[in-house]
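Below is one structure, written out as structure tokens; comments come after it.
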Amino acid sequence: MTTKDNVLIFDTTLRDGEQSAGIGLTLDEKMEIARQLERLGVDIIEAGFAASSPGDFEAVCAIAKEVRTPTIASLARCVPGDIDDAWEAIKGADKPRIHTFISSSDSHLMDLLRKNPEEVLDQAVSSVERARNLCDNVEFSPMDATRTDIEYLYRMLEACINAGATTVNIPDTVGYALPTEFAERIRLIKENVPNIDKAIISVHCHNDLGNAAPNSIAAVIEGARQVEGCINGLGERAGNASLEEVIMTIETRGDALGVTTNIDTRQIYRTSRLVSDITGFPVQPNKAIVGANAFRHASGIHQDGVIKSRTTFEIMDPHTVGWPSSSLVLGKLSGRAGLRSRLEELGFNLDQSQLDLAFQNFKELADRKREVTDADLMSLMSMQRRRQDVVQVYKMERVQVTCGNGEIPTATVQLVNPDGETVTDAATGAGPVDAVYQAINRIVGVPNTLTEFRVDAVTEGVDALGDVTIRIRQNGNSFVGRGSDTDIIVASARAYMNALNRALAEMEDQKLPMEPVPTS
Ligand code: KIV
Ligand code: ZN
């Protein structure tokens with residue numbers, strides 16, 4: 001039996017993914033994603049772009065200090081200050097990497113950099129040299145490589161490998177390439193860059209035409225041995241290659257591709273949920289691998305086939321990607337040990353205090369809902385995480401609403417303020433959620449605009465948990481809030497408190513005054 005070549009998985013959820021419009025992660029959230037990426041087994045985590053902001057610098061530093069198994073990379077433009085900052089941020093890692101990039105296409109050289117090709121080539125080479133003097137592991141990316149004159153690309157890659165680049169990355173920055181063209185470009189690079197065997201070829205594909213994952217796989221077929229992408233396909237504009245799609249294509253079609261990865265695929269579903277949860281970016285139901293319908297069979301013929309033999313209509317076993325089982329349910333008589341073992345099977349290893357809290361939340365839910373499924377447990381765990389992550393400036397105690405046909409929706413809410421005092425207020429609104437939000441506004445006094453409001457059912461049935469995601473804009477910043485409950489008004493209130501507490505924590509960081517909300 002021949003051994004399969006390894007394809008390195010480079011996760012850039014915390015860098016390119018964080019560039020998605022509307023995402024802004026706190027340090028704790030980045031840490032949590034990084035820890036989960038380590039459990040998933042990615043080879044490289046691009047933890048951020050250290051020189052881009054003090055917050056990014058701090059996050060890259062913190063990840064480099066704590067997350068030991070993967071290589072930790074920071075992005076850097078080909079400028080000395082960026083490279084030095086990147087090194088400062090990652091030098092605490094067991095396996096640090098500087099990833100430096102510069103544009104290479106005519107369009108970028110003329111309209112973006114306004115420099116001539118030789119100047120840019122020199123800048124690339126001196127930057128790689130500088131990075132290599134600091135760090136043994138250096139990745140170089142010619143940005144917009146797929147629209148770059150190929151002879152110039154060969155020269156640039158050769159010179160940067162000579163200068164010390166250990167990985168050369170070929171970005172399809174604008175998602176323009178076709179799979180056949182991209183594969184051809186990788187093949188030509190292998191044939192025409194004389195020292196290419198001294199570096200690993202990486203690819204970084206954007207999804208503007210929906211070809212990011214197919215382009216990445218086409219490159220792997222031609223010899224690329226590192227693929228960059230993001231969980232759930234996050235990233236600039238239409239996103240990057242979705243890592244779960246790339247990984248499962250390699251795992252499922254390793255027979256044809258002759259390659260494998262170091263990934264623990266059973267962590268895929270949990271990673272996807274965590275990233276969606278933290279970013280507030282939902283996963284579309286028909287998304288490959290991790291969408292709600294990915295393993296659901298609707299038509300009678302398909303259902304009949306799967307009952308007779310799973311492989312008739314399923315090319316992957318859902319358990320291999322850590323998909324929660326719908327047949328295993330817990331109920332109100334289930335004990336702590338049963339809960340612990342089910343949570344462990346779902347990938348949650350809790351310490352005693354986390355388990356105690358999870359058990360308390362589980363019992364509350366089991367009282368209201370006959371059967372608690374894996375999906376419910378995952379939702380409970382994300383709620384628990386949210387409560388622990390976000391400083392509870394205000395805590396919600398009670399919500400009560402009267403509404404209905406011919407009624408004026410009226411809400412009474414009771415919160416505990418930062419001084420520990422219980423404050424109660426009431427308001428009317430256009431509907432019950434509006435009434436609750438108005439009542440909360442009267443107490444908290446943080447003017448904001450609600451820009452997104454979404455309710456999803458975690459499972460089927462009228463007793464399902466409702467998961468509410470909202471986004472508010474406050475002082476030019478966007479804050480996501482999530483909340484779950486079998487009562488969707490309570491879930492909506494929790495989501496609002498979650499977003500407001502984030503906004504309040506940010507205001508506290510920046511020492512902004514709280515203004516009273518004009519009440520109607
Ligand atoms: O898309 C791109 O070209 C990038 C580079 C910085 C690698 O993200
Ligand atoms: Zn990119």
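The values are calculated or read from the model by the stated rules, or taken from the named source; none is laboratory data. Note that the structure is predicted; figures quoted are calculated from it, not measured. All Cβ positions, even for glycine, are placed from backbone atoms using ideal geometry, and neighbour counts span all protein chains on display.
Could you tell me how many of the residues in the stretch 158-174 are more than 20 Å from ASP122 (Cβ to Cβ) and away from ligand 2 (no atom under 16 Å from the Cβ)?
1
Check whether at least one residue in the stretch 50-58 is within 24 Å of VAL227 (Cα to Cα), in a loop (DSSP other than H, G, I, E, B) and not β-branched (Val, Ile, Thr), and report yes or no.
There is no residue in the stretch 50-58 that is within 24 Å of VAL227 (Cα to Cα), in a loop (DSSP other than H, G, I, E, B) and not β-branched (Val, Ile, Thr).
Pull up the stretch 96-111, narrow it to residues that are in contact (Cβ under 8 Å) with a residue 12 or more places away in the chain and surrounded by fewer than 18 Cβ atoms within 10 Å (Cβ to Cβ), then point me to the one that is farthest from the chain's Cα centre (by Cα).
ASP106
Is there a residue in the stretch 284-294 that is within 28 Å of the chain's Cα centre (by Cα), closer than 21 Å to TYR269 by Cα and either of a type in the set (Ser, Thr, Tyr) or in a helix (DSSP H, G or I) (or both)? First the steps, then the outcome.
Taking the stretch 284-294 and keeping what is within 28 Å of the chain's Cα centre (by Cα), we get 284-294.
Subsequent filtering for residues that are closer than 21 Å to TYR269 by Cα retains 284-294.
Then drop every residue that is not either of a type in the set (Ser, Thr, Tyr) or in a helix (DSSP H, G or I) (or both), which leaves none.
No, every residue in the stretch 284-294 fails to be within 28 Å of the chain's Cα centre (by Cα), closer than 21 Å to TYR269 by Cα and either of a type in the set (Ser, Thr, Tyr) or in a helix (DSSP H, G or I) (or both).
Please list, ordered by first then second residue, the pairs with beta carbon atoms under 8 Å, 6 or more apart or interchain, first in the stretch 297-319 and in contact (Cβ under 8 Å) with a residue 60 or more places away in the chain and closer than 23 Å to THR249 by Cα, second surrounded by 14 or more Cβ atoms within 10 Å (Cβ to Cβ) and hydroxyl-bearing (Ser, Thr, Tyr).
Close Cβ pairs satisfying both conditions: ILE315/THR252; MET316/THR252.
Could you say which residue among ASN441, ASN417 is surrounded by 14 or more Cβ atoms within 10 Å (Cβ to Cβ) and either touching a residue at least 24 places away in the same chain (Cβ under 8 Å) or of a type in the set (S, T, N, Q) (or both)?
ASN441
Residues of the stretch 159-176 being farther than 22 Å from ILE217 by Cβ and buried (at least 19 other Cβ atoms within 10 Å of the Cβ), which ones?
CYS160, ILE161, GLY164, ALA165
Restricting attention to the stretch 1-37, which residues are over 17 Å from SER478 (Cβ atoms), away from ligand 1 (no atom under 16 Å from the Cβ), in a loop (DSSP other than H, G, I, E, B) and of a type in the set (A, V, I, L, M, F, W, C)?
Those that are over 17 Å from SER478 (Cβ atoms), away from ligand 1 (no atom under 16 Å from the Cβ), in a loop (DSSP other than H, G, I, E, B) and of a type in the set (A, V, I, L, M, F, W, C): MET1, VAL7.
Name the residue, out of ILE102, ILE83, ILE90, ILE33, that is within 16 Å of ligand 2 (Cβ to nearest atom) and among the aliphatic types (A, V, I, L, M).
Exactly one of ILE102, ILE83, ILE90, ILE33 is within 16 Å of ligand 2 (Cβ to nearest atom) and among the aliphatic types (A, V, I, L, M), namely ILE102.
Being among the charged types (D, E, K, R) and surrounded by 24 or more Cβ atoms within 10 Å (Cβ to Cβ) is true for just one of GLU88, GLU66, GLU46, GLU58. Which residue is that?
Matching residue, one of GLU88, GLU66, GLU46, GLU58: GLU46.
Hey, does the stretch 257-266 have a residue that's surrounded by fewer than 24 Cβ atoms within 10 Å (Cβ to Cβ), away from ligand 1 (no atom under 16 Å from the Cβ), in a helix (DSSP H, G or I) and modelled with pLDDT of 95 or more?
yes
Assess whether VAL42 counts as being more than 16 Å from ligand 2 (Cβ to nearest atom), closer than 30 Å to GLY322 by Cβ and in contact with a Phe, Trp or Tyr (Cβ under 9 Å, 6 or more places away or on another chain).
Working: more than 16 Å from ligand 2 (Cβ to nearest atom): yes; closer than 30 Å to GLY322 by Cβ: yes; in contact with a Phe, Trp or Tyr (Cβ under 9 Å, 6 or more places away or on another chain): yes.
Considered against the rule, which asks whether it is more than 16 Å from ligand 2 (Cβ to nearest atom), closer than 30 Å to GLY322 by Cβ and in contact with a Phe, Trp or Tyr (Cβ under 9 Å, 6 or more places away or on another chain), VAL42 comes out as yes.
Considering only the stretch 404-416, state which residues are at pLDDT below 95 and of a type outside the set (D, E, K, R).
Across the stretch 404-416, the qualifying residues are GLY404, ASN405, GLY406.
Please identify the pairs in which a residue from the stretch 158-182 that is more than 14 Å from ligand 1 (Cβ to nearest atom) has its Cβ atom under 6 Å from the Cβ atom of a residue that is in a strand (DSSP E or B), counting only partners at least 6 apart or on another chain.
These pairs meet every condition: GLY164/VAL138; THR166/VAL138.
Sort out which residues of the stretch 443-476 are in contact with a helix residue (DSSP H, G or I) (Cβ under 8 Å, 6 or more places away or on another chain), in a strand (DSSP E or B) and within 21 Å of ASP425 (Cα to Cα), and write them in order of number.
LEU450
Looking at ALA64, ALA73, ALA59 in this structure, which one is of a type outside the set (D, E, K, R), closer than 23 Å to PHE479 by Cβ and modelled with pLDDT of 95 or more?
Residue meeting the stated conditions: ALA59.
Is one or more of the residues making up the stretch 141-157 part of a helix (DSSP H, G or I), touching a Leu at 6+ places or on another chain (Cβ under 7 Å), within 14 Å of ligand 2 (Cβ to nearest atom) and at negative phi?
There is at least one residue in the stretch 141-157 that is part of a helix (DSSP H, G or I), touching a Leu at 6+ places or on another chain (Cβ under 7 Å), within 14 Å of ligand 2 (Cβ to nearest atom) and at negative phi.
Among the listed residues ALA177, ALA218, identify the single one that is of a type in the set (A, V, I, L, M), more than 14 Å from ligand 2 (Cβ to nearest atom) and within 28 Å of the chain's Cα centre (by Cα).
Answer to the check: ALA218.
How many residues are away from ligand 2 (no atom under 11 Å from the Cβ) and touching a strand residue (DSSP E or B) at 6+ places or on another chain (Cβ under 8 Å) if we restrict to the stretch 221-233?
8
Can you work out which of the residues in the stretch 193-215 that are touching a residue at least 24 places away in the same chain (Cβ under 8 Å), more than 16 Å from ASP172 (Cβ to Cβ) and part of a helix (DSSP H, G or I) is farthest from ligand 2 (Cβ to nearest atom)?
Of everything passing the filter in the stretch 193-215, LYS198 is farthest from ligand 2 (Cβ to nearest atom).
For the stretch 228-256, give me the residue count where each residue is in a loop (DSSP other than H, G, I, E, B), within 16 Å of ligand 1 (Cβ to nearest atom) and out of contact with any Cys (no Cβ under 8 Å at 6 or more places or on another chain).
Residues flagged as in a loop (DSSP other than H, G, I, E, B), within 16 Å of ligand 1 (Cβ to nearest atom) and out of contact with any Cys (no Cβ under 8 Å at 6 or more places or on another chain) within the stretch 228-256 amount to 5.
Counting only residues that are touching a Leu at 6+ places or on another chain (Cβ under 9 Å) and modelled with pLDDT under 85, which one in the stretch 345-364 is surrounded by the most Cβ atoms within 10 Å (Cβ to Cβ)?
So the residue we want is LEU346.
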